[in-house]
Each structure stands twice: as C-alpha cells, then as structure tokens.
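Engineer: I have a structure here, written as structure tokens, and I will follow up with some questions on it.
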Amino acid sequence: MELFRMECKKLLRSVIYYIFIFMIILTFLTQFRHDLYLFGAKYRPAASGSEEYMCAGDDPDKIMPAATKSLLMDYMNNQYTTYPWGFGKRVHTNDGESHKIALILEKITGIDAAELEKEQKKYADEFSDGYSYLEFPGLFNYEINPELSFDDFCTLMYEVDDILGGGSSYSEENLFYDFGLEPMAYEDIMKEFDDFEYKDRITNGYARLHCDYYSIFLILFTVFVTALFMTADRRSHMEQLIDSRRISSLKLVMTRFAALSFMMFLPLMFMALWAHLLVIKFYPGYELDHFAMYKYTFVWLLPSVLAGTGIAMLLTELFSGVAAVLIQSALWYIMTMMGSLSGSIGRFDLVIRHNTNMERQYFMDQLDVFIFNRCFYTVFSVVCVLIAAFVFDLKREGRFNGFRVLDKLFKHKSAA
Amino acid sequence: MDSECWISCLSINLRRNSLIHIIIAVGMTALVPVIFSISALPVNLAAQPLEFYMTFIGMVLIVPVILPEQDNVIREVVRARRTGLLAVIIMRLIYSAAVLILLYGVVIVLMNENESEVTMYMYFGGVSGALFLGAAGFAGACIVDNAIGGYMVSMFYYIMNYGMGERLGKFNLFAMSSGIEEGKGWLAAGALVLIAAGLIIMRITRRI
C-alpha cells in the first residue's frame, strides 16, 4: 500500500500527468459538451420524413437499381472510390478484375460482358476526363434480371467489393447505407425517443456517447504517461538501486500498473460527474438514472485504460519508451481510421464505437459481446503486465536488455 | 570547429542518432501508395495523404532531435566539449528537415507521374504542416525535457485538428483537403517560431 501511494505521488509530480488531464478535459469540452449543447434536449419531431432521422433501409426496389447504376458508371470509368483505411482511395482495376466485374454486371443487367468490355475500351480511348457516361445512353436501357433474388444480388455486390480490396459502397457494411438510405418511420422514431426517455432515462444514452468519445483516445493518451513513468528509473539512474532491492519484480510492476491505471482513471470519473451535472441541467424535471455515467465509465472505459496501460508497459519493457509511443500511436491510428462511428461491436475490438445517445436497442442487442469484449481486455491487460514483469525480472538479473534495433550494427569495433 | 569535424559530427549523428528515425520515416513514405490511391486524384483527395498521413513524418524526424542528450549525465559530458550542443541540435534539425522535404518531394513526384492534381503549393503546404507538427512536439519536448512529452504534444495537436480544425484557422493541418488553398505560410512561420522557442528554453533551462 505504501509503495502504491509512493507511485501515485510520483505521478502527481509529473508534468506529463497534468498534460494528460488537460487532454481529458479538452476532449470533454470539444466533443461531449459541444454535442450536448448542439443537440441536447432534442424534441420529438411532429411527423416522419425528416432528413434528420434517416436509416439504412433494405428495400430491394431502391437498392438494386441504385447500386447497379453506380457500379455501371464506375465500371465504365474504371474508377472506384473505396475507404479501406478510412481515407478515400481511387481504385483502377486491371484487365482480369475488370472482366470479373463485367461478368457480375452481365448477371445483374443481362448486358453481354464482351459488349461491356468493348464499350469500356471505346470509352477509355475517347474520353480522358471521366464520367461522360451519357455518351452511351444505350448502356442504361437495361432491366435488372427479374430472376435474380435480392440475396444473390447482395452476394454479387460483396464479390465486387472483394475485387476492389474492400471499403467500397458495395461492401456488406455500406451497401444498405449508401444505396438504401431512407427516412425512418415515425413509429421507429418515437420508439427511439421512448427508449431514450423511459428505458435509458436520458443519462444512459448520454453515458454511452460520453464513453464513445473517450474510448477513441484512451489507447493513445495512456501510452505517454505510462512510457514516461516506466522509463523514469533509467532517466534518474535509479534502476540499479531499485534492481538491488528485495521487492519482487512482479509486486513492483503490478503496483506500478495499479498506480498508473488508478491515476489515469480518476480524471475520467470526474468527467463523468461533470457530464452528469450537464445532463441534469439540460433535462430538468426528467426522471434520470443518476448512476448511469459512473457505471458506464467503469465498465466501458476502465478496461480501455487497463489495456492501454498494459500494452504500453509491455512495449516499454521490451523495446523502449519512444518505441512504445510510436507503436501504440500507429495502432491507435489504424484502429481509429478503419473504424466506423457506430456499428456492430466485435469481440476483440479494442476501440468500441457508439457515437450517438440513441439506438439503445442496437447497443443492447450486442450487450453480451460488449461484456465479453471488456472482460477480455481486462484479462489481456493483466497478461501484458505479467509478461512485462517477467521481462523486467530478466533485465534485473542482467539476462536481457530489451530489443535494441541497430545496436549490433553500430557496436564499436576496436582498431587494434 | 573545422569542416572535417563537422563532417564527422554529421556522419556520426546520422548513423547513431537519427538513422532509425529516418528509416521509420522512409518506411511510412513507402506505405503511401498502399494506404492511399495516388493516381488520377483531384486536388482535395491528393491533399489527403500529404496532410492526414505524411505530417506524422514531421513528428518522427523532428521530435527525437533532443533524444540523445536527454540523459543529464550524457548532456553534461557533451556540454563540456568545445563544440556547442546548440549547434549540433541545429544541425540535426536541418538535416531532419531536409529528409522531410526530400520524402515529400518523392511523394509529390510520384503522384504527379500518376496524373494526380498536385501543385507546388501542395508540396509547400504538406512540408509546412509536417514541420509544424514536428516543431510543436519539439517545443513540448524542450519544455518537459523529454521526447515522450514531445510526441504527446504532437499527437494531441493532430487530434485537435480532427475535432476543431476550422477553429484553428490558419494553423489547420488539414486545410488543403477541405479545399482551402492558402494559409500554409503561417504553419511554416509557426514551425520556425516553435523551434526557436524550444531552443531558447533549452538554452536557458538546460544551458545547452
């Protein structure tokens, strides 16, 4: 306990810890608070048809023609926009890929694949500026194959997405949203509001939104404090003194892990309190769940703090503080750029997104996956710390000095 | 210090202190065609790899400039030498900036060869953004006297641009991707100011 208090005091004396707190507060002000002021106390619409409440529909009569036309246009221009990494990427297919897509279009439209390829080549030779498809009106006099079922159509679209390398409008994640977007039915909108007001009791919905914003950044924010803290002994030349102490490596590393996690989680609970008070201000007279912010922060964000800290500790012990920062930053970047704002929760997703205070049922339908995910990362963080403790012990015994890239290449060689 | 010494100093710094960071920067640049499409892009899509991704190269190259002397013992040994540490740090900054400019140049040429709409302003804008991000981290590292603090400042500034890019005005890293074709000069000037501030802070507090 004494060691735990000492490690916490060390963190309180660190400038980086206060920068971390500043980042937590700024995230709250620019994300959650900003959204609450913008959208808080939204009133129920009087009727449906509003473009504010849209959803991905599954109407085949809408999706099939729209997706087919889009694919035909992209095919003729041999230019497809995909988002495999979150950024727009223009894909140009080679002859083999183009032929596969032509065959898919033949199955959908009945237009002969050889004819399509001939027109595409003629188009490419005549036009260099793209998207002059109106020059070929004949191509758009087609009918969707009536014997093609909607499921088969979707399968063909997913095949196109595979050919393009993923992230296109024809993927399973985007097909219904990009081509089937429609206003929500009034009953569905009212159900959303009813769930938000009576089942979520307002605060549960906002708690999910609050946690969503932090879950994006925690895996990144934690690495800086952890890496700096773990390398403090070496910087102050205390490592040999500490190495000679009787305390076991496991106890020392676990205590540091506990101190780091506790001190980085504490500001998040204060932000939960602030969020709670703001929601009370925006919803006077409503029956709120006064524990919502705290329980969601504990269940959703604590495992994120633990995982971020555990991974950072392991990387710091194996490599160095700088390497841990770069690797974990790259990991964060990839996870954030490739994710969507809200969607199905994966069992092993480190960053869980649910960027709305609504859609309660969508979240609740995946509650078991969410709980598994959080438990998994809690256990994962402990495993990382146990391995870090093992590595620390090897270093203490002088049997391992971390992976030092390029050291062997530039080892000093005597001239003698 | 005579020119032979400077050449030796440059060679040793490149090999021992900066090589790993340059390798990482080159590796990141090599991934540009993998992550992004680089052919036949209009201006706003062509600006994306330059602003959203390659700006990190500024952080990778510029922030660790003070890393070798982060240890106080090493810094005291180096300060006792005739060659000023400040001059060595400036030398590292110059060649890091040169590598950054070169890597951006490679990507610009590659995109141009692949018929993307890239201009000299985009080249200047991309380099300015990367230098600014690196300089922000450098200044942060000088204040905290730790490169990790510098990385923290750089990453935080990058994230701020996602949520509050418009409010950052002329210091918006992602302006070109939003269609704004001006203001990058402010980033370049800001980079110089931040680097100068960092060096002054180090001079005063660490007596380099």
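Engineer: Tell me which helices (runs of 4 or more DSSP H) are completely within region A:269-361 and hold 3 or more residues being within 14 Å of another protein chain (Cβ to nearest Cβ), or say none if there are none.
Structural biologist: Numbers: elements: A:292-296, A:302-318, A:321-338.
Counting at least 3 such residues, we get A:302-318, A:321-338.
Engineer: Looking at region B:193-208 only, could you name the residues that are outside any helix (DSSP H, G or I), surrounded by 13 or more Cβ atoms within 10 Å (Cβ to Cβ) and of a type in the set (D, E, K, R)? Talk me through it step by step, then tell me what you get.
Structural biologist: To start, the set of residues in region B:193-208 that are outside any helix (DSSP H, G or I) comprises B:206-208.
Then drop every residue that is not surrounded by 13 or more Cβ atoms within 10 Å (Cβ to Cβ), which leaves B:206, B:208.
Residue satisfying the conditions is B:Arg206 alone.
Engineer: Inspect all residues belonging to region B:193-204 and state whether any of them is hydrophobic (A, V, I, L, M, F, W, C), within 14 Å of chain A (Cβ to nearest Cβ) and over 16 Å from the mean Cα position of the chain (by Cα). Spell out how you get there, then give the answer.
Structural biologist: The first filter runs over region B:193-204 and keeps only residues hydrophobic (A, V, I, L, M, F, W, C), leaving B:193-197, B:199-202, B:204.
Filter once more, keeping what is within 14 Å of chain A (Cβ to nearest Cβ): B:201.
If we keep only those that are over 16 Å from the mean Cα position of the chain (by Cα) as well, we get B:201.
Yes, some residue in region B:193-204 is hydrophobic (A, V, I, L, M, F, W, C), within 14 Å of chain A (Cβ to nearest Cβ) and over 16 Å from the mean Cα position of the chain (by Cα).
Engineer: Something else about it: Of the conditions (1) farther than 30 Å from B:Ile148 by Cβ; (2) part of a helix (DSSP H, G or I), A:Met264 clears all except one; give me its number.
Structural biologist: (1)
Engineer: Does B:Ser128 satisfy being closer than 12 Å to B:Leu50 by Cβ and of a type in the set (S, T, N, Q)?
Structural biologist: Yes, satisfied.
Engineer: Follow-up question, since we're still on this one. When you scan region B:162-177, how many residues do you find that are outside any helix (DSSP H, G or I) and surrounded by fewer than 24 Cβ atoms within 10 Å (Cβ to Cβ)?
Structural biologist: Within region B:162-177, residues that are outside any helix (DSSP H, G or I) and surrounded by fewer than 24 Cβ atoms within 10 Å (Cβ to Cβ) number 3.
Engineer: Here is a further query. Just checking, how many residues over region B:32-66 are surrounded by fewer than 20 Cβ atoms within 10 Å (Cβ to Cβ) and either at positive phi or among the aliphatic types (A, V, I, L, M) (or both)?
Structural biologist: Count: 5.
Engineer: So, of the residues in region A:370-416 that are charged (D, E, K, R) and surrounded by 15 or more Cβ atoms within 10 Å (Cβ to Cβ), which turns out to be modelled with the highest pLDDT?
Structural biologist: Top of the filtered list is A:Arg374.
Engineer: Right, another one. Looking only at region A:69-92, filter to residues that are within 27 Å of the chain's Cα centre (by Cα) and within 7 Å of chain B (Cβ to nearest Cβ); which one of those is modelled with the highest pLDDT?
Structural biologist: Selected residue: A:Val91.
Engineer: Considering only region B:113-135, I want to know if a residue exists there that is assigned to a helix (DSSP H, G or I), within 14 Å of chain A (Cβ to nearest Cβ) and either more than 21 Å from B:Asn13 (Cα to Cα) or touching a residue at least 12 places away in the same chain (Cβ under 8 Å) (or both).
Structural biologist: Yes: one or more hits.
Engineer: Among the residues of region A:302-324, is there at least one that is at pLDDT below 95, touching an Asp or Glu at 6+ places or on another chain (Cβ under 7 Å), of a type in the set (Asp, Glu) and more than 30 Å from A:Asp200 (Cα to Cα)?
Structural biologist: Among the residues of region A:302-324, not one is at pLDDT below 95, touching an Asp or Glu at 6+ places or on another chain (Cβ under 7 Å), of a type in the set (Asp, Glu) and more than 30 Å from A:Asp200 (Cα to Cα), which makes the answer no.
Engineer: Could you identify the single residue in B:Ile90, B:Ile24, B:Ile74 that is more than 9 Å from chain A (Cβ to nearest Cβ), part of a helix (DSSP H, G or I) and modelled with pLDDT of 90 or more?
Structural biologist: The match here is B:Ile90.
Engineer: Moving on to the next point. Step by step: first the residues of region B:85-111, then only those that are surrounded by fewer than 16 Cβ atoms within 10 Å (Cβ to Cβ) and among the small types (Gly, Ala, Ser), then the one that is nearest to B:Glu69 (Cα to Cα). Which residue is that?
Structural biologist: Per the criteria, the residue is B:Ala87.
Engineer: Here is a check on your reading of the model: is A:Ile247 among the β-branched types (Val, Ile, Thr), over 28 Å from A:Asn373 (Cα atoms) and out of contact with any Cys (no Cβ under 8 Å at 6 or more places or on another chain)? Break it down stepwise before answering.
Structural biologist: Working: among the β-branched types (Val, Ile, Thr): yes; over 28 Å from A:Asn373 (Cα atoms): yes; out of contact with any Cys (no Cβ under 8 Å at 6 or more places or on another chain): yes.
In short, yes.
Engineer: Here's another thing I want to ask about it. Only one of these conditions is not met by B:Met59: (1) touching a Leu at 6+ places or on another chain (Cβ under 6 Å); (2) away from chain A (no Cβ under 12 Å); (3) under 20 Å from B:Ala197 (Cα atoms). Which number is it?
Structural biologist: All conditions are met except number (2).
Engineer: Please state which one of B:Val106, B:Val99, B:Val43 is in contact (Cβ under 8 Å) with a residue 60 or more places away in the chain and either among the hydroxyl-bearing types (Ser, Thr, Tyr) or within 23 Å of B:Gly137 (Cα to Cα) (or both).
Structural biologist: B:Val99
Engineer: Six or more apart or on different chains, Cβ atoms under 6 Å: show the pairs whose first residue is in region A:162-182 and at positive phi and whose second is outside any loop (DSSP other than H, G, I, E, B).
Structural biologist: A:Gly167/A:Thr82
Engineer: For region B:178-192, how many residues are surrounded by 14 or more Cβ atoms within 10 Å (Cβ to Cβ) and assigned to a helix (DSSP H, G or I)?
Structural biologist: 6
Engineer: Among B:Ala97, B:Ala139, which is out of contact with any Ser or Thr (no Cβ under 9 Å at 6 or more places or on another chain), assigned to a helix (DSSP H, G or I) and more than 27 Å from A:Met23 (Cβ to Cβ)?
Structural biologist: B:Ala97
Engineer: If you scan region B:144-161, which residues turn out to be surrounded by fewer than 24 Cβ atoms within 10 Å (Cβ to Cβ) and more than 8 Å from chain A (Cβ to nearest Cβ)?
Structural biologist: B:Asp145, B:Tyr157, B:Tyr158, B:Asn161
Engineer: When you go through (1) surrounded by 15 or more Cβ atoms within 10 Å (Cβ to Cβ); (2) part of a loop (DSSP other than H, G, I, E, B) one by one for B:Arg82, which number turns out not to apply?
Structural biologist: (1)
Engineer: Identify the residue in region A:266-283 that is hydrophobic (A, V, I, L, M, F, W, C) and within 23 Å of the chain's Cα centre (by Cα) and, among all such residues, is farthest from A:Val225 (Cα to Cα).
Structural biologist: Step one: list which residues in region A:266-283 are hydrophobic (A, V, I, L, M, F, W, C), which gives A:266, A:268-275, A:277-280, A:282.
Remaining after also requiring within 23 Å of the chain's Cα centre (by Cα): A:268-269, A:271-272, A:275.
On the way: A:Leu268: 15, A:Met269: 18, A:Met271: 19, A:Ala272: 21, A:Ala275: 24 Å.
Restricting to residues being hydrophobic (A, V, I, L, M, F, W, C) and within 23 Å of the chain's Cα centre (by Cα), the top hit is A:Ala275.
Engineer: Would you be able to tell me the number of residues in region A:175-231 that are closer than 30 Å to A:Ala67 by Cα, surrounded by fewer than 19 Cβ atoms within 10 Å (Cβ to Cβ) and either among the acidic types (Asp, Glu) or touching a His at 6+ places or on another chain (Cβ under 6 Å) (or both)?
Structural biologist: Summing the residues that are closer than 30 Å to A:Ala67 by Cα, surrounded by fewer than 19 Cβ atoms within 10 Å (Cβ to Cβ) and either among the acidic types (Asp, Glu) or touching a His at 6+ places or on another chain (Cβ under 6 Å) (or both) in region A:175-231 gives 4.
Engineer: Continuing with this model, one more query. Working only within region B:1-19, note down all residues that are charged (D, E, K, R) and assigned to a loop (DSSP other than H, G, I, E, B).
Structural biologist: B:Asp2 - this is the single residue of region B:1-19 that is charged (D, E, K, R) and assigned to a loop (DSSP other than H, G, I, E, B).
Engineer: So which of A:Phe32, A:Phe39 ends up being at pLDDT below 85 and either surrounded by 14 or more Cβ atoms within 10 Å (Cβ to Cβ) or under 30 Å from A:Leu268 (Cβ atoms) (or both)?
Structural biologist: The match here is A:Phe39.
The values are calculated or read from the model by the stated rules, or taken from the named source; none is laboratory data. In this text, all values refer to a predicted model and were calculated from it rather than measured experimentally. Cβ sites come from the backbone with ideal geometry, for glycine too, and all protein chains shown count toward neighbours.
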